[in-house]
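Visitor: Submitted below is the structure of interest, expressed as structure tokens.
What follows is calculated from the coordinates using simple rules that are stated; it is not laboratory data. Not measured: the values here are computed from a predicted model. In this analysis, Cβ positions are derived from the backbone assuming ideal geometry, glycine residues included, and neighbour counts consider all displayed protein chains.
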Amino acid sequence: MEWLIYLSKAAVSPASQDAASIYLTARKRNEALGLTGYLHREQGCFLQYLEGPSEGLDQLLLSLRRDWRHSDMRVLHRAPLQQRRFPGWNMEFTETPATSYAIWSGTEGNSEPLFNGPIAQASAEDLLAFIEIVRNAPPE
Ligand SMILES: Cc1cc2nc3c(=O)[nH]c(=O)nc-3n(C[C@H](O)[C@H](O)[C@H](O)COP(=O)(O)O)c2cc1C
């Protein structure tokens, strides 16, 4: 069992048909691969948390790396896990999340775009804390 978190640049608009197709596929395939997680979108970036069997993660990564709906995928952290942190998380996604990483981390207004800035440099602990908060907060 492992967890990972990656960052990528979104190539599909929020609330588009192409974006919706991501969640539909994800729900079904993650169940088959034994993966759970959460997908966050902010400032044109996707930040996705995934956990489950290593083979499932590797298989999904292969698909993700050739998916045109995002680009410049970068795995920020990947590490072993004794048991799932968030067992009930069936790849939820919120179009209007309750908070943003920039606001939560106090780095709003940072001159670097998010992709090269605060999220990319955040520690695993910070990203996990943020993901848990944004996933569990009701949408705006
Ligand atoms: C930002 C983003 C997140 C995605 N998350 C998942 C996911 O959690 N699970 C999943 O099965 N597919 C996810 N997908 C879709 C996969 O890239 C891929 O299209 C799908 O798994 C089908 O795999 P295949 O094209 O190799 O058949 C995601 C795509 C994008 C762009």
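Visitor: For the chain, what is the calculated [θ] at 222 nm in deg cm²/dmol (nearest 500), taking -39500 (n - 2.57) for each run of four or more DSSP H residues and dividing by its residue count?
Guide: -10500 deg cm²/dmol
Visitor: Can you work out the Karplus-derived ³J(HN,Hα) for every residue in the range 15-26? Use 6.51 cos²θ - 1.76 cosθ + 1.60 with θ = phi - 60°, whole Hz, and x for glycine or proline.
Guide: Calculated HN-Hα couplings, in order: 6, 7, 4, 5, 5, 4, 5, 4, 6, 5, 4, 4 Hz.
Visitor: From Cα pairs below 8 angstrom and at least 6 apart in sequence, can you work out the relative contact order of the chain, rounded to a whole percent?
Guide: Dividing the mean separation by the residue count of the chain yields 33 percent.
Visitor: If you plug each phi of the range 118-131 into the Karplus form 6.51 cos²θ - 1.76 cosθ + 1.60 with θ = phi - 60°, what whole-Hz ³J(HN,Hα) values come out, in order, with x for Gly and Pro?
Guide: Couplings: x, 5, 4, 9, 5, 6, 4, 4, 5, 5, 5, 5, 5, 4 Hz.
Visitor: Nearest 20 debye, what's the magnitude of the dipole of the chain about its Cα centre given +1 on Lys and Arg Cβ and -1 on Asp and Glu Cβ?
Guide: 400 debye
Visitor: Near the amide H of Glu2, under 5 Å away, which other amide H atoms are found, from residues 5 or more places off or on another chain, if H is placed in the peptide plane?
Guide: Under 5 Å from the amide H of Glu2: Gly52, Ser54, Leu81.
Visitor: A further question follows. In what order do Ser8, Ser54, Ser13, Ser100 fall by count of nearby beta-carbon atoms within 10 Å, going from fewest to most?
Guide: Lowest to highest Cβ neighbour count: Ser13, Ser54, Ser100, Ser8.
Visitor: Assign one of three labels to the chain, namely rounded, prolate or oblate, based on the Cα gyration tensor with a ≥ b ≥ c the square roots of its eigenvalues; rounded applies when a/c is under 1.5, prolate when it is not and a/b is larger than b/c, and oblate otherwise.
Guide: Rounded is the answer for the chain, as its axis ratio a/c remains below 1.5.
Visitor: So what J values fall out for the range 73-89 if you push phi through Karplus, 6.51 cos²θ - 1.76 cosθ + 1.60 with θ = phi - 60°, rounded to Hz, Gly and Pro as x?
Guide: 5, 9, 6, 8, 8, 8, 7, x, 9, 6, 8, 4, 6, 10, x, x, 7
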